[in-house]
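Heads up, the thing below is written out as structure tokens.
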Amino acid sequence: MPAQISAQDLTEGDELGLYETPECCDASMEEAFVNGHLSFQCGRCPSYVDVDDSRTVTDVSLV
């Protein structure tokens with residue numbers, strides 16, 4: 001079962017564990033590939049967390 005971590009606690013350079021999933025709006029964010037990279041997208045608002053191939057956070061946008 002994936003561990004959830006609040007998207008509000010993430011900043012650039014943080015690393016997500018293999019089974020960690022950001023959470024926003026009291027729900028897990030969905031994995032999506034955007035412009036060739038992995039992104040976690042909120043299904044309830046336009047917030048997102050982008051990560052690179054090693055699951056290091058590269059961008060966080062919280063609305």
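The values are calculated or read from the model by the stated rules, or taken from the named source; none is laboratory data. Since the model is a prediction, treat every value here as computed from it, not as a measurement. Every residue, glycine among them, receives a Cβ derived from its backbone with ideal geometry; neighbour counts consider all protein chains shown. In case anyone asks, the SASA skips ligands and DNA or RNA and just uses the protein heavy atoms, side chains included. Shrake-Rupley method; radii C 1.70, N 1.55, O 1.52, S 1.80 Å.
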Within the range 1-44, restricting attention to residues that are charged (D, E, K, R) and farther than 16 Å from Asp59 by Cα, which residue is least open to solvent (accessible area, probe 1.4 Å)?
Glu20
Write out, first by first residue and then by second, each pair whose Cβ atoms fall under 7 Å of each other, whose residues are 6+ apart or on separate chains, and whose first residue, in the range 9-31, is within 15 Å of Tyr48 (Cβ to Cβ) while the second is acidic (Asp, Glu) and modelled with pLDDT of 95 or more.
Glu12/Asp59; Met29/Glu23
Every pair of residues 6+ apart whose Cβ atoms lie under 7 Å, when the first sits in the range 43-62 and is in contact (Cβ under 8 Å) with a residue 12 or more places away in the chain while the second is aromatic (Phe, Trp, Tyr):
Tyr48/Phe40; Val49/Phe40; Ser61/Tyr48
Consider Val57 carefully, then state whether it is within 14 Å of Gln4 (Cα to Cα) and surrounded by 11 or more Cβ atoms within 10 Å (Cβ to Cβ).
no
